[in-house]
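Every read-out reported here was derived from the displayed coordinates using simple, explicitly stated rules and does not represent laboratory data. Computed from a predicted model, the values in this text were never measured in an experiment. So basically every Cβ, Gly included, is an ideal-geometry build from the backbone, and we count neighbours across all protein chains shown.
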Amino acid sequence: MTDKTDILSLSLAELTEAVTEKLGEKKFRAGQIYNWLHVRKVRNFEEMTNLSASLRLKLSDTFCIKRLNIVRKLESTIDNTVKYLYGLEDGNIVESVVMEYSFGLSICVSTQIGCKMGCDFCASTIAGFVRNLTASEILQQKYEAERDLGRKISRVVLMGIGEPLDNYDNVIRFIRLVTSSDGDGISQRHVTLSTCGIVPRIYDLAEEDFSINLAVSLHSPDDISRSKIMPVNRKYNLASLMKACRDYTGKTGRRITFEYAVIENVNSSSAEAGKLAELLRGMISHINLIGVNDVKERDYSSSSAHVEKFKNELVKRGVNATVRRKLGADIDAACGQLRREFENTRGEND
């Protein structure tokens with residue numbers, strides 16, 4: 001199967017070229033196949049019933065449809081959040097979270113198996129980096145959840161395990177696929193990409209002519225403390241990051257959301273609120289405050305009262321700040337937690 005083309009990662013133009021030139025079929029067949037894959041979301045070629053048996057056989061001989069299998073599913077009794085742990089064809093595992101809002105369902109997908117970034121408060125990075133996910137493996141997290149839930153997911157957040165801009169080519173391909181009007185067709189404005197701040201890729205993203213939402217994990221308003229908890233800052237400091245962000249908003253006209261995990265005795269004093277307000281002065285932006293998640297291997301904490309207090313410090317300085325509602329608290333819905341627990345259990349049983 002490894003020598004077969006990953007058909008779910010192909011754009012309609014690429015699929016059309018492959019179907020006409022490699023298989024010798026007429027152009028309209030590619031549109032039919034693309035519809036089966038991305039609208040009807042079939043799992044195999046045999047389900048493509050308006051294609052001839054001979055064409056389905058040729059497809060099977062030439063292409064593969066990458067599969068994800070649900071290894072574990074956790075459902076919150078508090079807010080209908082659903083967390084999936086998926087098994088990949090190579091034996092690795094990855095996770096995603098489906099959240100219910102008044103507008104419908106949103107899914108937080110992973111883009112890598114593990115993460116290289118080493119953020120000190122994040123569970124995703126503890127086990128290290130394994131590999132990038134392909135565009136189809138990112139896409140199938142959404143498709144498999146939709147099959148399981150029997151509902152359409154209308155929004156996607158690339159904020160699960162991994163750093164999306166560290167897997168740039170596959171992530172850009174995924175965004176084009178999931179927003180294709182010939183396929184899944186969700187609005188680009190319903191896609192959010194979260195990055196810890198890989199500066200050159202922010203400039204690249206600004207040139208993609210997307211209307212997606214960009215979220216930047218900030219977590220500190222000065223280089224010394226940010227470098228301690230986010231190693232990426234040692235390579236791309238705040239001055240270079242903020243310049244890239246300002247250039248991004250200037251190029252795209254899109255507001256940036258800055259994610260800020262409020263950690264007591266680390267980054268949430270009144271003085272740090274002042275530094276943060278100064279850092280963002282005059283910028284089209286919004287601060288999304290997050291209560292830091294409990295990670296057994298880390299000794300960080302934040303109460304809801306402390307987060308609210310820090311928000312008030314920002315608001316009185318004219319900063320547009322809100323507190324993110326914590327979903328799926330009873331099922332450890334923060335990224336990386338379920339995978340880490342599963343890997344630890346699997347290691348003990350080996």
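At-a-glance table
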item	result
Equivalent ellipsoid semi-axes, segment 5-64, via Cα gyration tensor eigenvalues times 5, rooted, Å	14, 13, 11
Shape parameters for the chain, alpha-carbon atoms, Rg then Dmax in Å	21.2, 70
Quotient of Cα Rg and 2.2 N^0.38 Å for segment 200-272, N being how many residues it contains	1.18
The chain - charge dipole about Cα centre, Lys and Arg +1 at Cβ, Asp and Glu -1, debye rounded to 20	820
Taking all pairs of distinct alpha-carbon atoms in segment 6-149, Kirkwood radius in angstrom	17.0
Sparse-neighbourhood loop sites, chymotrypsin sites (Phe, Trp or Tyr not before Pro) in segment 72-167 - DSSP loop, at most 14 other Cβ within 10 angstrom	PHE103
Theoretical gain in end-to-end length, ARG255 to SER180 [0.36 nm per residue, Cα-Cα removed]	24.7 nm
Most positive-pole-ward Cα, MET230, VAL98, ILE284, against dipole of the chain from beta carbon charges	ILE284
Qualifying trypsin sites (Lys or Arg not before Pro) for segment 111-172 [loop in DSSP, other Cβ within 10 Å: at most 15]	LYS116, ARG151, LYS152
Which of SER180, SER96 has the fewest Cβ neighbours within 10 Å, and the rest in rising order	SER180, SER96
Amide H contacts of VAL323 (H built 1.01 Å from N, under 5 Å, at least 5 apart or other chain)	LEU289
Partner aspartates and glutamates for LYS58 [C-alpha distance under 16 Å; skip if fewer than 8 residues away on the same chain]	ASP3, ASP6, GLU17, GLU21, GLU25, GLU46, GLU47
Whole-number percent relative contact order across the chain, with pairs defined as alpha carbons under 8 Å at least 6 apart	15
Charge dipole (debye, nearest 20) of segment 5-64; +1 at Cβ of Lys and Arg, -1 at Cβ of Asp and Glu	220
Table column - 3J(HN,Hα) (Hz), segment 270-277, Karplus curve with 6.51, -1.76, 1.60, x for Gly and Pro	4, 5, 6, 4, x, 4, 5, 4
Residue order, fewest to most surrounding Cβ atoms within 10 angstrom, among ARG317, ARG226, ARG29	ARG317, ARG29, ARG226
Positive-end residue of GLY250, CYS122, TRP36, charge dipole of the chain with Cβ unit charges	GLY250
MRE, 222 nm, helices only [DSSP H, n ≥ 4, -39500 (n - 2.57), over the chain, to nearest 500]	-10000 deg cm²/dmol
Segment 32-121, dipole about Cα centre (Lys/Arg Cβ +1, Asp/Glu Cβ -1), debye to the nearest 20	300
Cα radius of gyration and Dmax for segment 25-108 (Å)	17.0, 51
